[in-house]
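Right, one structure below, let's go through it.
Please treat every number below as a calculation from the coordinates, not as lab data. Since the model is a prediction, treat every value here as computed from it, not as a measurement. Heads up, the Cβs are rebuilt from the backbone with ideal geometry, glycines too, and the neighbour counts pull from every protein chain shown.
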Amino acid sequence: MPRHHIWKRMPHGKDDLFALISDVENYPKFIKYIGSVRLLRAHDDGAVRKARAEVRVRYKYIRETFITDVKFYKEDGRVEVKLVSGPFRALHTHWALYPLGDGSTLVEFKITYELAIPFLARMLKDRQSKAADVIMNAFEGRAADLYTKIDMDNSASIDKEITLLQNAGKHGQSG
């Protein structure tokens, strides 16, 4: 089952990046393989916003639809996505945002998935390893278009902060 884990420091604030990740209905504007996203339902209980989303993907002549449950934890800067139905046997994504001392944000993105359709899995095998990079690059580009860039400090203290967060993330991985 393909699993990808990316850490990326971005020159934008945590709240801006959380707003971007949470705005799932606008994903088709900047993620080239997503044709549309429709919220089937959404509920906000204060601490956690929950939504069910229908996502239509397109790649060359392939068109597929899947449904996910999404939980948005604004205070923690986390977004969790789990599969409900679609062409996957498994799909889970995890976003975590860590504000750094200079105002920039360390973004953690994990995706685990397995396609349920064998011929589709074989056909897309070469693309699977690039899926996480494509998604992260799309978010990075969209953030640059929407938000003011923060001058990032490249001091040893920021490097130490990043290392501590990454090490804590590695020890806290659940899959």
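Of note:
- Positive dipole terminus of the chain, leading residue within TYR73, HIS5, PRO87 (C-beta point charges): PRO87
- Counting charges near TYR27 (Lys, Arg +1; Asp, Glu -1) among other residues having Cβ under 13 Å from its Cβ returns a value of +3.
- Gain in span if fully extended, HIS5 to ILE67, counting 0.36 nm per residue against the direct Cα distance: 20.1 nm
- Dipole axis of the chain (+1 Lys, Arg; -1 Asp, Glu on Cβ), positive-most option in ALA53, SER104, ALA156: ALA53
- Taking the helices alone, the chain has a mean residue ellipticity at 222 nm of -8500 deg cm²/dmol, built from -39,500 (n - 2.57) per DSSP H run of at least 4 residues and averaged over all its residues.
- Under 20 Å of direct C-alpha separation, and excluding same-chain neighbours fewer than eight residues apart, LYS71 reaches these aspartates and glutamates: ASP15, ASP16, ASP23, GLU25, ASP44, ASP45, GLU54, GLU80, GLU108.
- Cα pair count fraction exceeding 25 Å, expressed as % - the chain: 34 percent
- For the stretch 3-171, a crude dipole built from +1 on the beta carbon of Lys and Arg and -1 on the beta carbon of Asp and Glu, taken about the Cα centre, is about 1000 debye to the nearest 20.
- Model label points for VAL134 and ARG49, set 7 angstrom from Cα along the Cα-to-Cβ axis, are 2.6 nm apart.
- The slack between MET152 and GLU25, meaning 0.36 nm per residue of separation minus the straight C-alpha distance, is 42.8 nm.
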